[in-house]
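Notes to accompany the following structure.
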Amino acid sequence: MTPMHWIASGGGIGRVRYAPGTVASLAAVLIGAAALWVDHRLLTLLAIFTCVIGTWAVHETGEQGDPGWIVVDEFAGQWIAMLGLGRVSLYGLVAAFVLFRLFDIVKIGPVGWADRKDGAIGVMADDVVAGVIVAAILFIATIIIPNVIP
């Protein structure tokens, strides 16, 4: 496995037999929770870095379309979604995970539009858009119900 394939597969997570995108999102929640616990800015840098390096890695693999083994986009999107949380909480992490997977799987509105884009940008775009939408939902939820989703 080349370094670009390793990055694109989320460190090999994309090679799991069942639901590699969901497994990658779950791994991203665990890593992202640690980053968020340390500092919100660390999670922000992690998300930005993953978007950039992920796009490059996906491009370098030469794959056409969005094969299931490429899951670096799930990491980036999940971390962007988690940016809507003020801090680490079980309810917040579960909400970020469930909402992100819902938007990523169903491809509602702008997520579907982004999913139809070609190339490495297209592979990454639907998850980034889903992450931004979920981050906005979670941010609003933290204002409306701060004791539940802090």
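The values are calculated or read from the model by the stated rules, or taken from the named source; none is laboratory data. Note that this is a predicted model, so its numbers are computed, not measured. No Cβ is skipped: glycine too gets one built from the backbone with ideal geometry, and neighbour counts run over all protein chains shown.
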(Q) Just to verify a result, which residue in segment 38-71, among those that are assigned to a loop (DSSP other than H, G, I, E, B) and under 20 Å from residue 93 (Cβ atoms), is modelled with the lowest pLDDT? (A) 39
Q: Look at segment 110-150 and say how many of its residues are polar (S, T, N, Q) and loosely packed, with under 13 Cβ neighbours inside 10 Å.
A: 1
**Q.** Close pairs from segment 56-69: first closer than 9 Å to residue 5 by Cβ, partner among the basic types (Lys, Arg) and surrounded by 14 or more Cβ atoms within 10 Å (Cβ to Cβ), Cβ under 8 Å, at least 6 apart
**A.** 69/15
**Q.** Elements of type helices (runs of 4 or more DSSP H) in segment 81-150, at least 3 residues being among the aliphatic types (A, V, I, L, M), within 17 Å of residue 35 (Cα to Cα) and at pLDDT 90 or above
**A.** 90-106
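Take residue 76 and tell me if it is part of a helix (DSSP H, G or I), among the hydrophobic types (A, V, I, L, M, F, W, C), closer than 15 Å to residue 27 by Cα and in contact with a Leu (Cβ under 8 Å, 6 or more places away or on another chain). Even if it seems obvious, please write down each step before you answer.
On the way: part of a helix (DSSP H, G or I): yes; among the hydrophobic types (A, V, I, L, M, F, W, C): yes; closer than 15 Å to residue 27 by Cα: yes; in contact with a Leu (Cβ under 8 Å, 6 or more places away or on another chain): no.
Judged against the criteria, residue 76 is not a match.
Taking residue 35, is it in a helix (DSSP H, G or I) and closer than 21 Å to residue 8 by Cα? Spell out the reasoning first.
Values: in a helix (DSSP H, G or I): yes; closer than 21 Å to residue 8 by Cα: yes.
Criteria met by residue 35.
Find the residue count for segment 27-51, including only residues that are surrounded by fewer than 17 Cβ atoms within 10 Å (Cβ to Cβ) and within 13 Å of the chain's Cα centre (by Cα). Steps first, please.
Quick first cut of segment 27-51, residues surrounded by fewer than 17 Cβ atoms within 10 Å (Cβ to Cβ) only: 30-31, 34, 37-42, 44-45, 48-49.
Filter once more, so that each one left must be within 13 Å of the chain's Cα centre (by Cα): 30-31, 44, 48-49.
Result for segment 27-51: 5.
If I ask for residues that are surrounded by fewer than 23 Cβ atoms within 10 Å (Cβ to Cβ) and in contact (Cβ under 8 Å) with a residue 60 or more places away in the chain, which ones from segment 70-89 would you list? Steps first, please.
Of the residues in segment 70-89, the ones surrounded by fewer than 23 Cβ atoms within 10 Å (Cβ to Cβ) are 83, 86-89.
Result: 86, 87, 89.
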Q. How about segment 90-102: which of its residues are surrounded by fewer than 17 Cβ atoms within 10 Å (Cβ to Cβ) and in contact (Cβ under 8 Å) with a residue 24 or more places away in the chain?
A. 91
